[in-house]
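All remarks here apply to the structure that follows.
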């Protein structure tokens, strides 16, 4: 029996064809309204761009939570041209004396050269060049800090390494006006005692630091 379009009365009987026939009602299913920003994101953004935006938001939320809970970070502190810098300890592989740096032609000015440590070749960079600070003469105390992340390892030049420090995230402030001309993407922030915290995520993802020359 075809029951399409019929409705039942309260007593369970189908309406007849007479004057007491109930008016048929139709119920339409309408899709839920889509959020405008969501539609724009899915309609006009590539998957990679959307993932990058979500990842950046996640990082910002994580920082807010860390600040609210008073979380702190462990840093390795080093000196360049009498200025203090900090690197989060999770990026540190080891610290070595700076010896026998081999310059590599056709590389950016911040690439000091490459070094050989136990048979492995590492690029060494001078972050002063990234921030527009003139280089100074190297001393016997000079070190190379091997850092790792983003699937690669490299060395960061240091005039000296001062040790470790613990800093509250809430004490790390935005980049100062004096760094306006610097590569701000490479700076996480500045502490109350004027120590610059490097952004190793950004630094290690910068393709310019990759030395593609073969060293014999």
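Results, tabulated for the structure shown:
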| read-out | value |
| --- | --- |
| The lone exception for residue 161 - which of (1) surrounded by fewer than 20 Cβ atoms within 10 Å (Cβ to Cβ); (2) out of contact with any helix residue (DSSP H, G or I) (no Cβ under 7 Å at 6 or more places or on another chain); (3) more than 20 Å from residue 56 (Cβ to Cβ); (4) at pLDDT below 90 it fails | (4) |
| Selected residue (only one of 104, 216, 211 is at pLDDT below 90, surrounded by fewer than 13 Cβ atoms within 10 Å (Cβ to Cβ) and farther than 26 Å from residue 72 by Cα) | 216 |
| Selected residue (criterion: surrounded by the most Cβ atoms within 10 Å (Cβ to Cβ)) from residues of the stretch 117-132 that are over 22 Å from the mean Cα position of the chain (by Cα) and touching a residue at least 40 places away in the same chain (Cβ under 8 Å) | 121 |
| Qualifying residue in the stretch 133-147 (condition: assigned by TED's automatic domain parsing to the domain that holds residue 78, surrounded by 14 or more Cβ atoms within 10 Å (Cβ to Cβ), out of contact with any strand residue (DSSP E or B) (no Cβ under 8 Å at 6 or more places or on another chain) and without any contact (Cβ under 8 Å) to a residue 60 or more places away in the chain) | yes |
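So that you can scan it fast, the table gives a plain yes or no per residue for (1) buried (at least 18 other Cβ atoms within 10 Å of the Cβ); (2) within 21 Å of residue 149 (Cα to Cα); (3) touching a helix residue (DSSP H, G or I) at 6+ places or on another chain (Cβ under 9 Å); (4) at pLDDT below 90:
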position: 54; (1), (2), (3), (4): no, yes, no, yes
position: 59; (1), (2), (3), (4): no, yes, yes, yes
position: 62; (1), (2), (3), (4): no, yes, no, yes
position: 74; (1), (2), (3), (4): no, yes, yes, no
position: 80; (1), (2), (3), (4): yes, no, yes, yes
position: 83; (1), (2), (3), (4): no, no, yes, yes
position: 89; (1), (2), (3), (4): no, yes, no, no
position: 93; (1), (2), (3), (4): no, yes, no, no
position: 110; (1), (2), (3), (4): yes, yes, yes, yes
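The values are calculated or read from the model by the stated rules, or taken from the named source; none is laboratory data. All values reported here derive from a predicted model rather than from experimental measurement. Quick reminder, even Gly has a Cβ in these numbers, built from the backbone with ideal geometry, and neighbours come from all protein chains shown.
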